[in-house]
Amino acid sequence: MIAIDSQGHIAGGTSTNGATHKIPGRVGDSPIPGSGAYVDRHVGGAAATGDGDVMMRFMPALVTVEGMRSGLSPHKAAELALFQIGMYYPEFMGAIVATSITGEVGAACHGFDKFPYSVANPTLQGVSVMEVLCFG
């Protein structure tokens, strides 16, 4: 989840469903900055979902925010991050939702048909469910 308040403060959050039969003491991707979520108050934020053990190797939320910093839209930045994972793990299934500091929202997904996500902002009446087609 990425949230921007009316004063422009941004926050990101994520949680884990836990890995089945995990090694005791294993740390998932959620608490690793840049893996499950990442924000930069000057750029925006991203939240990722998928196989945490793979995502910790590629830091997709950080890659997405850095892509936005370099001028990519949230959608294109998220695609770039997932493309990099897909080059090494073609069977990877995951998604990223990203928001620029100006409120532009985008998402990308890899390994399944489509990915639904929710968006709420002052111009929408309530919460809108969006959907992005996946690649890979």
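Name the residue, out of Val54, Val27, Val43, that is surrounded by fewer than 16 Cβ atoms within 10 Å (Cβ to Cβ) and over 13 Å from the mean Cα position of the chain (by Cα).
Val27
Looking at Ala77, Ala61 in this structure, which one is surrounded by 12 or more Cβ atoms within 10 Å (Cβ to Cβ) and within 18 Å of Gly13 (Cβ to Cβ)?
Residue meeting the stated conditions: Ala61.
Against the definition (closer than 16 Å to Gly36 by Cα, modelled with pLDDT under 95, under 13 Å from the mean Cα position of the chain (by Cα) and not aliphatic (A, V, I, L, M)), how does Gly94 come out, yes or no?
no
Being at pLDDT below 95 and assigned to a loop (DSSP other than H, G, I, E, B): is that true of Gly28 here?
Criteria met by Gly28.
When only residues in segment 103-135 that are assigned to a loop (DSSP other than H, G, I, E, B) and modelled with pLDDT under 95 count, which is surrounded by the most Cβ atoms within 10 Å (Cβ to Cβ)?
So, considering only residues that are assigned to a loop (DSSP other than H, G, I, E, B) and modelled with pLDDT under 95, the one surrounded by the most Cβ atoms within 10 Å (Cβ to Cβ) is Gly103.
Only one of these conditions is not met by Gly25: (1) in contact with a helix residue (DSSP H, G or I) (Cβ under 7 Å, 6 or more places away or on another chain); (2) without any contact (Cβ under 8 Å) to a residue 12 or more places away in the chain. Which number is it?
(1)
For segment 84-102, which positions are surrounded by fewer than 20 Cβ atoms within 10 Å (Cβ to Cβ) and farther than 18 Å from Leu124 by Cα?
Gln84, Gly86, Met87, Tyr88, Tyr89, Pro90, Glu91, Phe92, Met93
The values are calculated or read from the model by the stated rules, or taken from the named source; none is laboratory data. In this text, all values refer to a predicted model and were calculated from it rather than measured experimentally. When we count neighbours, we look across all protein chains shown, and the Cβ atoms used for this are built from the backbone with ideal geometry, even at glycine.
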